[in-house]
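The structure appears below as structure tokens.
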Amino acid sequence: MTIYRGRFAPSPTGPLHFGSLVSALASWLDARAHRGTWLVRIEDIDGPRTVPGAAESILETLARFGMVADEPPVWQSRRMPLYQQEFERMQSTGLVYPCGCTRKEIADSLVHAHARHTTLAYPGTCRNGLNGKPARAWRLRVPDGDAAIVTFDDRWQGPQTQNLATEVGDFVLRRADDQWAYQLAVVVDDVDQRITHIVRGADLLDSTARQIYLQQCLGVPTPSYLHVPVVTNADGEKLSKQTGALALDASRPLVALNEAALHLGLKLSGTAALSREAFYAEAIKAWSERVKR
Ligand code: GLU
């Protein structure tokens, strides 16, 4: 039997909304379909964006919807020494360098690059030194040429390719405001929690090549990936607190769960609207038929 460890990793920037319910449900169904372990990780690393009480409210809503983690939830804000340790391990590869560029300088150079129809990636200004500027952020050098091409087979979206050199450029591991970058924290945590299967929203598809490259730099295995379609509002924007997503009505979990399953393309019978048990039994079966192992 293959070992399966999956996770739902919400950022506590507000209460659970329909878009995050869809991601939570997809990761839960995949874990249950594999008879695996399902974890929750509170991604409160971005101090300025974290809303007090939001994490507790998300956990409470998940429980009301019948999704309780198999191990105690992990909080990123309590794991800073781990990120520091792994950052130092990255530094010892010689691939990490300080960057003194301000947002404006990068934007200006990108406008220039864009005008020349070249790249929108970070142009590598500080690769060979700060030129007297103070260090602000720390970046990870990506390979040049064909070595920069990362490919992976997404279990929902199919084969994916990204050229890190031309599409992303050297990316930030430690931000100018002294916060650990999401890319670093998420990879360190997925390794530490021995995650084998990542199921999340397609808005993170674009981050996956960076995360695979980070895994390669750290010499750790790459999990399998599945990105479900994101939920958009009437204007086609991803649902989030910023685009005015409403908190879920936790008093009617079955209604929201059935809607989330419908968004995932799962065809359930009327029975699934009768009880949580019936819903999950049908949804797990429909999920197993819908996605690749
Ligand atoms: N915390 C991220 C978010 O809520 C998700 C991270 C992940 O699943 O890798 O968008």
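Annotations for the structure displayed:
- Residue count for the range 140-154 satisfying the condition of being open to solvent by less than 50 Å² (accessible area, probe 1.4 Å) and under 19 Å from the mean Cα position of the chain (by Cα): 4.
- Qualifying residue in the range 103-115 (condition: out of contact with any His (no Cβ under 9 Å at 6 or more places or on another chain), among the β-branched types (Val, Ile, Thr) and more than 16 Å from the ligand (Cβ to nearest atom)): yes
- The residues on offer are Ala33, Ala9, and the sole one that is more than 13 Å from the ligand (Cβ to nearest atom), open to solvent by 10 Å² or more (accessible area, probe 1.4 Å) and not aromatic (Phe, Trp, Tyr) is Ala33.
- Members of the range 65-79 that are surrounded by 14 or more Cβ atoms within 10 Å (Cβ to Cβ) and part of a helix (DSSP H, G or I): Gln76, Ser77
- Some residue of the range 235-242 being touching a strand residue (DSSP E or B) at 6+ places or on another chain (Cβ under 9 Å) and part of a strand (DSSP E or B): yes
- Test: Thr93 is within 13 Å of the ligand (Cβ to nearest atom), open to solvent by 30 Å² or more (accessible area, probe 1.4 Å) and closer than 22 Å to Gln179 by Cα: no
- Scanning the range 162-211 for residues being touching a residue at least 40 places away in the same chain (Cβ under 8 Å) and in a strand (DSSP E or B) gives a total of 12.
- From the list Ser20, Ser57, Ser27, the one residue that fits, being under 18 Å from Phe279 (Cα atoms) and in a helix (DSSP H, G or I), is Ser27.
- Of Val172, Val142, all but one fail to be in contact with a helix residue (DSSP H, G or I) (Cβ under 6 Å, 6 or more places away or on another chain), away from the ligand (no atom under 12 Å from the Cβ), among the β-branched types (Val, Ile, Thr) and within 26 Å of Glu105 (Cβ to Cβ); the exception is Val142.
- Residue count for the range 212-232 satisfying the condition of being out of contact with any helix residue (DSSP H, G or I) (no Cβ under 8 Å at 6 or more places or on another chain), under 21 Å from Ser92 (Cβ atoms) and open to solvent by 50 Å² or more (accessible area, probe 1.4 Å): 2.
- For Ser240, the stated conditions hold: it is of a type in the set (S, T, N, Q), open to solvent by 10 Å² or more (accessible area, probe 1.4 Å), more than 24 Å from Arg32 (Cβ to Cβ) and within 16 Å of the ligand (Cβ to nearest atom).
- Filter result for the condition that a residue is at pLDDT below 95 and part of a helix (DSSP H, G or I), over Leu110, Leu82: Leu110
The values are calculated or read from the model by the stated rules, or taken from the named source; none is laboratory data. Everything quoted here is computed from the prediction, not taken from an experiment. A quick note on method: Cβ atoms are made from the backbone with ideal geometry, for glycine too, and the neighbour counts reach across all protein chains shown. Only protein heavy atoms, including side chains, enter the accessible area calculation; ligands, DNA and RNA are left aside. Shrake-Rupley method; radii C 1.70, N 1.55, O 1.52, S 1.80 Å.
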